[in-house]
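Values in this text are rule-based calculations from the coordinates and carry no lab data. On a predicted model such as this, the values are computed, not experimentally measured, just so you know. Cβ placement follows ideal geometry from the backbone for every residue including glycine, while neighbour counts extend to all protein chains displayed.
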Amino acid sequence: MIIDLDEIPPKEEVENVRVFIRIRPLRESEKTLNNKRYIHLERNVLQLLKSNISRTFQFCKVFGEESTQVDLYRCIAVPIVEKVLKGYNGTIFAYGQSGTGKTHTMIGDIKNSDQKGIVPNIFSHIFAQISLANHDISYAVTVTYLEIYNEDIRDLLSDDPTKKLKVQEKPGVGVYVKDLLGFTVNSLETVDEILTKGNKNRSTGATKLNDSSSRSHAIFTVSIESKNKVTNKTTFGKLNLVDLAGSERVNKTQATGDRLREAGKINMSLSILGNVISALVDGKSSHIPYRNSKLTRLLQDSLGGNSLTAMVAMISPNILDYEESLYTLMYADRVKHIQNRVHINSEKQSLIDSLESKIGELRLQLADLTVAEQKEKKKERKKMNNSLELENIELEKSMLENKIYIIQKKILVGGENLIEKAQQQMEMLEDTARELEHLDSSHLLLEEILYYKGKEKTIVERKYATLQEEDKELDQRISESEKLMVKATEILVRKECEYQNEISSLLATNKALAKEMALVNFVVNNYVPKEFINKVKSGLLWDEDSQEWRVKGIAYCGNNMKRNEIKRKKDEIKNCDIVYFKYEHKKST
Ligand SMILES: Nc1ncnc2c1ncn2[C@@H]1O[C@H](COP(=O)(O)OP(=O)(O)OP(=O)(O)O)[C@@H](O)[C@H]1O
């Protein structure tokens, strides 16, 4: 595939961390009758089933026990490496319980082409892509290799790998490790040498779970700079390949001494990584605790930053590891919700430019020496005694030529065949390159489509289920409201009837009263003399309580003096108000 840098869109894209699972094969010692199968796999849905308790998970892809190193490389690394070659940042990290195959997946056996892990295979891929690229594009590929052991950063490619290095941060550069050695690579042999040296320096130790357990987190970084001479555009891609140390339950592995101390530090930094993941996923925290460990500081861009990131979580099929596998899957399940914002990097100091200017300087010196050489040769022909001077010039010239050759080798030119020396690997690379084109157009595309369709399906299903639930709830609420409406209407009608009845009975009473009033008025006006009326009026009193007219003082005459003592004993009657409560004398108004 030809890399066309002009096609690169400059905008920022949102990418979820892609999560993959790999199940390692059962070991011979684990193949017993008691070791019942507890992992069930159907496509990318993984079910853990033990004592009738079932847990189901879905990931981008789950690689079964029979999966090969190349299967993983094609699916996980190819899309990321392609983007890194175009100037994006990428990260692939392996996570899981100790002994589940993280180092096997990331590094593998570098001497055996079938068993090479993601890191060595990446170089076969990169060099193959450069060989297929346009002549106008130059590349510089640089690598670094470090480990974080007991929270100390060490350079695995240094001659003193126990020296502690510091993490620093600079605006425009970001987080980096001070004094970490970077090596430019131009062949698979150099890469093999570098990997062998680094792996030898890595801290390992025997544990109950793994004879050669990595006791540190290792980060292998590949930086790829590419410069298009025609457009004068330069891009910088960086790929972090992380082999995390394995989590382990110290009470189960019965670690002691150094192994126990290491396990404590490993578990602690993995739990800080877990906290960063939780903070990124829950979306509520404005503060992400990257600074709490060296690992999270160095992986800051890979989680929630500018990086296309893939996680490979490893699990063991041994039933005794059920709980660790469940924990790993739950951890991985959270990671898939992390979103990164990725863009092409193009604003940096160019290594290719500085190498080219160095070559220019050396070429000028070489030209000066050639002129001096010509002069000396002329002198020699005349005097026949200048051979020592000439020898020196020739020596200096050959040294300069050698320097230029070495620097020039650091710059890889598109179309250059970088892998002709490693015949076997070249064949594999050509296969990979051929397959890549097919994969790009079919397999990967299908995988991608399937993955996103699966995602869309779950979102639609979830939305549909929620909508259905909402619909049901709404139906229920509507029918309840309708019932209430019917009841309310009934009450309203009944009340209206009662009201109408009351109004008509009031009207009838009113009419009867008006009639009686008219009769009284008629009698009074026509048959009672006026002075009598005034006299009677002055002797009357209006009683508010009984709403009646009373004759003033009537309570004090004759039989109207009513006693209430029938029900009470004599000595209880102390207050006359109880007895004479009815006709209280009031002043007429
Ligand atoms: N998929 C696999 N196929 C074949 N062998 C495997 C596979 N996975 C793991 N192994 C073997 O299992 C052993 C342990 O694997 P490895 O060292 O990679 O585990 P790890 O997860 O890196 O462990 P630790 O965290 O302790 O470093 C190794 O011998 C490795 O070759």
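Here are some notes:
- Intensity falloff of segment 5-342 expressed as log10 I(q)/I(0), Debye formula with alpha-carbon point scatterers, at q = 0.12, 0.14, 0.15 Å⁻¹: -0.86, -1.19, -1.37
- Local electrostatic count, Ile76, Cβ distance below 10 Å [Lys/Arg +1, Asp/Glu -1]: +3
- Shape class for segment 111-257, computed from the alpha carbon gyration tensor (a ≥ b ≥ c): prolate, with a/c not under 1.5 and a/b above b/c.
- In nm, spacing of pseudo-spin labels at Lys552 and Lys36 (7 Å Cα→C-beta vector): 10.9 nm
- Across all directions, the average projected area of the convex hull around the alpha carbons of segment 107-186 is 7.6 nm².
- Between Leu320 and Asp114, the contour length at 0.36 nm per residue exceeds the Cα-Cα span by 71.2 nm.
- Local electrostatic count, Asp179, Cβ distance below 12 Å [Lys/Arg +1, Asp/Glu -1]: +3
- If R0 is taken as 30 Å, the Cβ-Cβ distance between Val536 and Glu516 corresponds to a FRET efficiency of 0.95.
- Residues whose placed amide H lies under 5 Å from that of Leu308, excluding near-sequence neighbours: Asn89, Gly90, Thr91
- Evaluating 6.51 cos²θ - 1.76 cosθ + 1.60 at θ = phi - 60° for every residue in segment 108-113, the Karplus couplings come out as x, 9, 6, 8, 10, 4 Hz, glycine and proline recorded as x.
- Estimated at 0.36 nm per residue, the fully extended path between Glu490 and Glu469 surpasses their Cα-Cα distance by 4.4 nm.
- Leu132/Glu189 FRET efficiency (R0 30 Å; Cβ-Cβ; nearest 0.05): 0.90
- Available extension along the chain between Glu12 and Thr196 is 62.5 nm, counting 0.36 nm per residue and deducting the alpha carbon span.
- Qualifying GluC sites (Glu not before Pro) in segment 62-103, DSSP loop, other Cβ atoms within 10 Å at most 11: Glu66
- When the P(r) is computed for segment 1-146, the part past 19 Å accounts for 63% of the Cα-Cα pairs.
- Projection of the Cα convex hull of segment 349-410, averaged over all directions and equal to a quarter of that hull's surface, yields 4.0 nm².
- Label sites at Ala206 and Glu544, each approximated as a point 7 angstrom past Cα along Cα to Cβ, lie 11.0 nm apart.
- Cβ-based net charge around Asp301, under 12 Å, with every Lys or Arg adding one and every Asp or Glu removing one: +2
- As a length-normalised measure over Cα pairs under 8 Å and 6 or more apart, the relative contact order of segment 349-410 settles at 47 percent.
- Close amide H contacts of Val19 (hydrogens built in the peptide plane, cut-off under 5 Å, sequence separation of 5 or more or a different chain): Cys60, Met311.
- Our coupling estimate for segment 198-213, obtained by passing each phi through the Karplus curve with A = 6.51, B = -1.76, C = 1.60 and θ = phi - 60°, is x, 5, 5, 7, 6, 7, 10, x, 7, 10, 5, 8, 7, 5, 10, 8 Hz, Gly and Pro reported as x.
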